[in-house]
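Q: One structure coming up, written as structure tokens, with questions to follow.
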Amino acid sequence: MIKVDNLNVAFGDVRAVKSASFTVKDRETYGLVGESGSGKSTVLRALSGLNRQWTGTIAIDGRPIGPVRDKAFYRQVQMVFQDPFGSLHPRHTVDQILSEPIAIHRMDDAEARIRRALDDVGLGPRFRFRYPHQLSGGQRQRVAIARAIILEPSVLLLDEPTSALDVSIQAEVLNLLARLRAERHLTMILVSHNLAVVAHLCDRLAVMNAGAIVEEMTVDDLRRGEPAQAYSKQLLRASLGYDRKMADSLITFE
Amino acid sequence: MSRTAELRSWLITDTPASRAQARWGRMYLSWLAFRRNPLAFGGLIVALAFAVIAVIAPWLATHDPAAQNLAGRLAAPNAANWLGTDELGRDIYSRLLYGTRITLGMVVMVVVLVAPVGLIVGATAGYLGGWPDRILMRITDIFMAFPRLILALAFVAALKPGLTNAVIAIALTAWPPYARLARAETITIRNTDFVAAARIQGASTPRILVRQIMPLCLSSLIVRVTLDMSSIILTAAGLGFLGLGAQPPSPEWGSMIATGRRFILEQWWVATMPGLAIFIASLGFNLLGDGLRDVLDPKQR
């Protein structure tokens, strides 16, 4: 479904992504994990077309795509952002936010589509004419997810979709994503630094460090705690808990 | 529950049932915030009063503003001529009322010309960045470098003195600050996630500018425009004073002061009354602008 080959992204002299290659199968959920600054979000922004300064090959459904995307691409690939407070326009009601993609793509039956999208993310019509400041963080993220699925994409890119939410809400949003994936046969790429989130949702994952993919593994490998690479082992150890002994043992990988 | 309480709860509900209700509710909350500021409320009353006076001037006036009465020239304020008469015996009170039309007309014309231009130039420059930004902002700088009154003077002198040319001259020099303001706002908005989300939905650049960016520039622009109205009034009066704005016999406040200048010591009311009108109008708009800033500026909430 998605094939990334030798992807490089540079900001000036800084090489944010160094020849990353991976393949995501149809209806698979693929995780990109790593610490802050490891380049995982940059991969996602290149995939989504938000970042146009990249080299390499990106193919979706077997067709290679360039830096500038057309409308048909956005019907197929949508994205959910990390910060639900920043990703909704502060002066637009939920209704306006959801009408926008329908108007851009000149889709018919806006009324029914908006109502169904709200139902799908578990919000219901009560929330339709509220402004973002009248919603909680979890509700906002549901609106952002509704906005992404209203175009009926086949690929959903998730940039840390739960890291700005508190733990109980995180689980709800993850379950929502899992349900939508099953109902709509979505292929997803999930960027996260939270290994528990990745283990919950993904089939396979890639560990990134300093812009490069260090290791690819299945979630079963992760659950068994058997990464092959030293960096992945350290990341896993750090995610399990934090004490002085562990902190002292951390080393920097380049 | 009484009718007003019902309306109130309909307005401030957290679960509006329609687009209109959501919009009215937000406007009502802004109105509540505005009403808490007595000075700003006073400014609003002054501005509204001037607008009403401009509309119903013929019914409020006691005399024809152009009717001369040489026998009663330069009369002090009295029962027949409430604010006295000028050097041709015209009633100053009636002339001031009609002058409201000219002044407010000029202000509205300038704002209508200037605000959209500034908003479009600024938002486009800020959002696109790169060379479009550089070109647009250098043009803005050039217009900003001209002293306002001098450019207006040169422009009016080159063409022909008159109301329309005065409006164009003021507009030419008034738009750059709005472009600057809109650009600064846009730069803080353009990298937000909701703009990225709009791009990822396939929105075109003009659509993002109009739907996502401009609504957020609008509030600070409205504040700036309201605060600028007083300086537009002053510039218009200045041009009128120099004989380059509205032409006699039209009762423009600035030109009224100019004619009254000759008698300022003996017949003080001829120049003072239009001066007071300019003062009250400018002050009203300034207070209104300050109040709007408190209500609309999202950074202060």
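Q: Assuming A:Arg140 fulfils every condition listed in (1) closer than 27 Å to B:Asn191 by Cβ; (2) at pLDDT 90 or above; (3) away from chain B (no Cβ under 12 Å) apart from one, which condition is it?
A: (3)
Q: Got a number for residues in segment B:257-277 being free of Cβ contacts under 8 Å to residues at least 60 places away in the same chain and not in a loop (DSSP other than H, G, I, E, B)?
A: The total comes to 7.
Q: Please go through segment A:165-187 and pick out each residue that is open to solvent by less than 60 Å² (accessible area, probe 1.4 Å), among the small types (Gly, Ala, Ser) and closer than 25 Å to A:Tyr74 by Cα.
A: A:Ala178
Q: For segment B:9-30, enumerate the residues that are in contact with a helix residue (DSSP H, G or I) (Cβ under 8 Å, 6 or more places away or on another chain) and more than 8 Å from every other protein chain (Cβ to nearest Cβ).
A: Going residue by residue through segment B:9-30, those that are in contact with a helix residue (DSSP H, G or I) (Cβ under 8 Å, 6 or more places away or on another chain) are B:10-16, B:19, B:21-22, B:24-25, B:28-30.
Correct list: B:Trp10, B:Leu11, B:Ile12, B:Thr13, B:Trp24, B:Gly25, B:Tyr28, B:Leu29, B:Ser30.
Q: Given A:Gly34, A:Gly49, which one is within 16 Å of the chain's Cα centre (by Cα), more than 28 Å from A:Thr252 (Cα to Cα) and buried (at least 21 other Cβ atoms within 10 Å of the Cβ)?
A: Working: A:Gly34 fails: more than 28 Å from A:Thr252 (Cα to Cα).
From the options A:Gly34, A:Gly49, the qualifying one is A:Gly49.
Q: Do we find a residue being modelled with pLDDT under 85, open to solvent by 60 Å² or more (accessible area, probe 1.4 Å) and assigned by TED's automatic domain parsing to the domain that holds B:Val46 anywhere in segment B:82-95?
A: yes
Q: Having 1 or more residues that are open to solvent by less than 80 Å² (accessible area, probe 1.4 Å), more than 18 Å from B:Arg95 (Cβ to Cβ) and of a type in the set (Phe, Trp, Tyr) is the bar; report the helices (runs of 4 or more DSSP H) wholly within segment B:1-74 that clear it.
A: B:19-35, B:38-60
Q: I need the full set of residues from segment A:14-31 which are of a type in the set (Val, Ile, Thr) and within 11 Å of the chain's Cα centre (by Cα), in order please. Before the answer, list the steps.
A: As a first pass, look at segment A:14-31 and keep what is of a type in the set (Val, Ile, Thr): A:14, A:17, A:23-24, A:29.
The one that is of a type in the set (Val, Ile, Thr) and within 11 Å of the chain's Cα centre (by Cα): A:Thr29.
Q: Sort out which residues of segment A:25-35 are of a type in the set (A, V, I, L, M) and either in contact with a Lys or Arg (Cβ under 6 Å, 6 or more places away or on another chain) or modelled with pLDDT of 95 or more (or both), and write them in order of number. Spell out the reasoning first.
A: The first filter runs over segment A:25-35 and keeps only residues of a type in the set (A, V, I, L, M), leaving A:32-33.
If the condition is that a residue be of a type in the set (A, V, I, L, M) and either in contact with a Lys or Arg (Cβ under 6 Å, 6 or more places away or on another chain) or modelled with pLDDT of 95 or more (or both), then A:Leu32 is the only one that fits.
Q: Tell me whether segment B:191-211 contains one or more residues that are assigned by TED's automatic domain parsing to the domain that holds B:Ala66, in contact with a strand residue (DSSP E or B) (Cβ under 7 Å, 6 or more places away or on another chain) and surrounded by 23 or more Cβ atoms within 10 Å (Cβ to Cβ). Break it down into steps so the answer makes sense when it comes.
A: Within segment B:191-211, the first condition is being assigned by TED's automatic domain parsing to the domain that holds B:Ala66, and the residues that meet it are B:191-211.
Cutting the leftovers down to in contact with a strand residue (DSSP E or B) (Cβ under 7 Å, 6 or more places away or on another chain) gives us B:200.
Add one more test, that the residue is surrounded by 23 or more Cβ atoms within 10 Å (Cβ to Cβ), and what stays is B:200.
The answer is yes; a qualifying residue exists.
Q: List the residue pairs whose Cβ atoms are under 8 Å apart, where the first residue sits in segment A:9-27 and is at positive phi, the second is loosely packed, with under 15 Cβ neighbours inside 10 Å, and the two are 6 or more positions apart or on different chains.
A: From segment A:9-27, the pairs are A:Ser19/A:Asn6; A:Arg27/A:His185.
Q: Could you please find all residues in segment B:179-230 being under 23 Å from A:Pro101 (Cα atoms), free of Cβ contacts under 8 Å to residues at least 12 places away in the same chain and more than 9 Å from chain A (Cβ to nearest Cβ)?
A: B:Asn191, B:Pro206, B:Val210
Q: Could you pull out the residue among A:Val155, A:Val191, A:Val167 that is closer than 29 Å to A:Ile213 by Cα, of a type in the set (A, V, I, L, M, F, W, C) and touching an Asp or Glu at 6+ places or on another chain (Cβ under 7 Å)?
A: Details: A:Val155 fails: touching an Asp or Glu at 6+ places or on another chain (Cβ under 7 Å); A:Val167 fails: touching an Asp or Glu at 6+ places or on another chain (Cβ under 7 Å).
Among A:Val155, A:Val191, A:Val167, only A:Val191 is closer than 29 Å to A:Ile213 by Cα, of a type in the set (A, V, I, L, M, F, W, C) and touching an Asp or Glu at 6+ places or on another chain (Cβ under 7 Å).
Q: Out of segment A:1-26, which residues are of a type in the set (Lys, Arg) and exposed (fewer than 15 other Cβ atoms within 10 Å of the Cβ)? Please lay out each step first, then the result.
A: Taking segment A:1-26 and keeping what is of a type in the set (Lys, Arg), we get A:3, A:15, A:18, A:25.
Across segment A:1-26, the qualifying residue is only A:Lys25.
The values are calculated or read from the model by the stated rules, or taken from the named source; none is laboratory data. What you see is a predicted model, and the numbers here were worked out from it, not measured in a lab. Virtual Cβ from ideal backbone geometry, glycine too; neighbours counted across all protein chains shown. Side chains are part of the model used for accessible areas, which takes the heavy atoms of the whole protein and leaves out ligands, DNA and RNA. Shrake-Rupley method; radii C 1.70, N 1.55, O 1.52, S 1.80 Å.
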